[in-house]
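The values are calculated or read from the model by the stated rules, or taken from the named source; none is laboratory data. Remember, it's a predicted structure, so these values are computed and weren't measured experimentally. Neighbour counts run over all protein chains shown; Cβ positions are idealised from the backbone, glycine included.
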Amino acid sequence: MKETFTSVLEKLRKRGASYAEIRAQNNNNTFITVRDGQVEAVTLSTETGAAIRVLAENAWGFSTTNSLEQNNLEKSANSAFSMAKAAGRSVRETVKLAPVKAVEDKATVLVKKDPREVGISTKVNNLLTINKTCFDFDKRIKSVTINYADLATEQTLATTDGTFIEQEKMFVWNYCWVTGKSNGIMASARDETGAHGYELFDLELPRKIAERVSKKVTQQLEAKTPKSGLHPAVIGTNVVGVLAHEALGHICEADLALAGSAVMGKIGEKIASEQVTIFDSALIPQGFGALKYDDEGVSGQKTLLIRDGVLVGFMHNRETAGKMNVSPTGNARAQDFRFPPLIRMRDTCFEKGDYTFAELLEDIKFGYFLEAFRGGQANLDGTFTVGVQSAFKIVDGELGDPVRNVGISGNTLETLKQVDACGEDFGLELGRCGKGQYMFVSPGGPPVRVKSILIGGS
């Protein structure tokens, strides 16, 4: 295979390509949906294909093929080269790729249980156990939907720079959406978790998953809406991860920064309180963003975005790194061989501090503890909104009654300046991010205290 890839790449070089890469994959995927006790869908797929990306005349061309035979690879390579040449006629800006060291390596994923070796009946039975446990938890539970996926990829990356990397990628993901109804009140909660191997269901027992998400639903059915307005709050690890990812992470992706995000031109400026350090990392083993190499062959690393309140860096691929004269950070990732790599987050997190949870609460006379999020989004100008599915009052430094239908919103930079303490615990949210492509990520951090944040409620 190496000889075939080298031959195709050498022909592209001779035709005038300044850079080219082949990213071939063999994917084994399983998708299962269980809804209200019924197995609604089971899909097993095996697919092989390759993505070919070519830089010529300062423009990119991209093509895919479902065959790794040399003649089909050459046809796809020629298509990508022709696209680049055609696009290059209207390009005015020179594309400069940051240099990287050529690498030859083989990287494996260390898991205790390869999902490919687990029977489909075991996978279905675990989901049915979650489903039944949710309904047994409380008669007010009315609907349960569970989506499960495991994806195992054997990838080969070859480039005209001399890189040849064989790398395994593996993800096991479980998502529950549970709804309940009582006295005319409807409530719902989500639970998203994952691991690199099927040991997920040893770490997160099906009954534990079911009880956790069902408890959130029943709490909401019994809760009241919060008082809207500016309040102090302790933001739990689950919601902190969303803030790190949605509110800050996206505007620190170099392509979006160059498009005019709220942090462009602010490197070296203090944009947050001194309590805030935020990073994006490929080095957290349990995180979905843990990778030895990105999809351009750049080594996985920890990239600081904010250090002690000061903006110190962005996330880069080779092109934006070349444009800004910095080193690439290993953030080029593609959903699969059908897509070109984009700048994507890995595991974007707040750095932990030294406060216990009780110490975070003790100085708050009245505020809220925001435990778990429902969903969130952010804009390039730094504004964000996050829905919170599990929250509690804080009264005189103690946790109080649960509240429901909570939302928080604000401006990222203003909110980060309100952080006055970070906890000593650390957690990750294992989920997905959409940016034209779906990508597995694990944002997280410690519980964080903010002096003031806008709470939406009654």
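I need the strands (runs of 3 or more DSSP E) fully contained in region 103-182, keeping only those with at least 3 residues that are in contact with a Ser or Thr (Cβ under 6 Å, 6 or more places away or on another chain).
Once the strands (runs of 3 or more DSSP E) in region 103-182 are filtered for at least 3 residues that are in contact with a Ser or Thr (Cβ under 6 Å, 6 or more places away or on another chain), what remains is 141-159, 164-182.
So that you can scan it fast, the table gives a plain yes or no per residue for (1) over 26 Å from ALA421 (Cβ atoms); (2) touching a residue at least 60 places away in the same chain (Cβ under 8 Å):
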{"position": "LYS270", "(1), (2)": "no, no"}
{"position": "PHE279", "(1), (2)": "no, yes"}
{"position": "GLU296", "(1), (2)": "yes, yes"}
{"position": "GLY300", "(1), (2)": "yes, no"}
{"position": "HIS316", "(1), (2)": "yes, yes"}
{"position": "LYS323", "(1), (2)": "yes, yes"}
{"position": "THR329", "(1), (2)": "yes, no"}
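Using the structure shown, decide if GLN275 is touching a residue at least 12 places away in the same chain (Cβ under 8 Å), in a loop (DSSP other than H, G, I, E, B) and under 29 Å from ALA391 (Cα atoms).
So GLN275 fits the description; yes.
Do the conditions hold for ILE235, that is, is it within 24 Å of the chain's Cα centre (by Cα), modelled with pLDDT of 95 or more, under 30 Å from THR145 (Cα atoms) and in the same structural domain as LEU304 (by TED's automatic domain parsing)?
So ILE235 passes the test.
Looking at LEU243, LEU291, LEU256, which is the one that is within 28 Å of LEU360 (Cα to Cα) and in the same structural domain as THR415 (by TED's automatic domain parsing)?
Exactly one residue qualifies, and that residue is LEU243.
Considering region 333-356 alone, what residues qualify as being closer than 27 Å to PHE62 by Cα and outside any strand (DSSP E or B)?
ALA334, GLN335, ASP336, PHE337, ARG338, PHE339, PRO340, PRO341, ARG344, MET345, ARG346
Just to check your reading of the model, which residue among THR153, THR225 is more than 20 Å from the chain's Cα centre (by Cα) and touching a residue at least 40 places away in the same chain (Cβ under 8 Å)?
THR225
Considering only residues that are under 30 Å from LYS112 (Cβ atoms) and touching an Asp or Glu at 6+ places or on another chain (Cβ under 6 Å), look in region 252-309 and name the one that is surrounded by the most Cβ atoms within 10 Å (Cβ to Cβ).
Per the stated criteria, the residue is GLY289.
Among the residues of region 195-202, is there at least one that is touching a residue at least 40 places away in the same chain (Cβ under 8 Å) and on the phi > 0 side of the Ramachandran plot?
no
Out of THR159, THR133, THR122, THR163, report the one residue that is farther than 23 Å from VAL441 by Cβ, buried (at least 21 other Cβ atoms within 10 Å of the Cβ) and of a type in the set (S, T, N, Q).
Only one candidate passes the filter, namely THR159.
What number of residues within region 312-321 are surrounded by fewer than 24 Cβ atoms within 10 Å (Cβ to Cβ) and hydrophobic (A, V, I, L, M, F, W, C)?
1
So if I check each of PHE81, PHE62, PHE31, which one is under 30 Å from ILE146 (Cα atoms) and either among the aromatic types (Phe, Trp, Tyr) or outside the structural domain of LYS169 (by TED's automatic domain parsing) (or both)?
The conditions single out PHE31.
If you check VAL91 against the conditions, is it over 30 Å from THR179 (Cα atoms) and either surrounded by fewer than 17 Cβ atoms within 10 Å (Cβ to Cβ) or not assigned by TED's automatic domain parsing to the domain that holds THR156 (or both)?
yes
Mind listing just one residue for me: the one in region 349-403 that is over 17 Å from ILE453 (Cβ atoms) and hydrophobic (A, V, I, L, M, F, W, C) and, of those, farthest from the chain's Cα centre (by Cα)?
Among them, the one singled out is VAL395.
Since ILE130 meets every condition but one in (1) touching a helix residue (DSSP H, G or I) at 6+ places or on another chain (Cβ under 7 Å); (2) of a type in the set (Val, Ile, Thr); (3) under 30 Å from ALA56 (Cα atoms), which condition does it not meet?
Going through (1) touching a helix residue (DSSP H, G or I) at 6+ places or on another chain (Cβ under 7 Å); (2) of a type in the set (Val, Ile, Thr); (3) under 30 Å from ALA56 (Cα atoms) one by one, ILE130 breaks only (3).
If LEU230 passes every condition in (1) part of a helix (DSSP H, G or I); (2) surrounded by fewer than 20 Cβ atoms within 10 Å (Cβ to Cβ); (3) touching a Ser or Thr at 6+ places or on another chain (Cβ under 9 Å) but one, which one does it miss?
(1)
Quick check: anything in region 245-263 in a loop (DSSP other than H, G, I, E, B), over 20 Å from the mean Cα position of the chain (by Cα) and more than 22 Å from GLY376 (Cβ to Cβ)?
No, there is no match, as no residue in region 245-263 is in a loop (DSSP other than H, G, I, E, B), over 20 Å from the mean Cα position of the chain (by Cα) and more than 22 Å from GLY376 (Cβ to Cβ).
Conditions tested, residue by residue: (1) under 30 Å from ALA51 (Cβ atoms); (2) at pLDDT 95 or above; (3) acidic (Asp, Glu).
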position	(1), (2), (3)
MET324	yes, yes, no
PHE350	no, yes, no
LYS365	no, yes, no
TYR368	no, yes, no
ARG374	no, no, no
LEU380	yes, no, no
THR383	no, no, no
VAL388	no, no, no
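Of these, ARG449, ARG374, which one is of a type outside the set (A, V, I, L, M, F, W, C), crowded, with 17+ Cβ neighbours inside 10 Å and under 30 Å from ASP336 (Cα atoms)?
Just one listed residue meets the conditions, ARG374.
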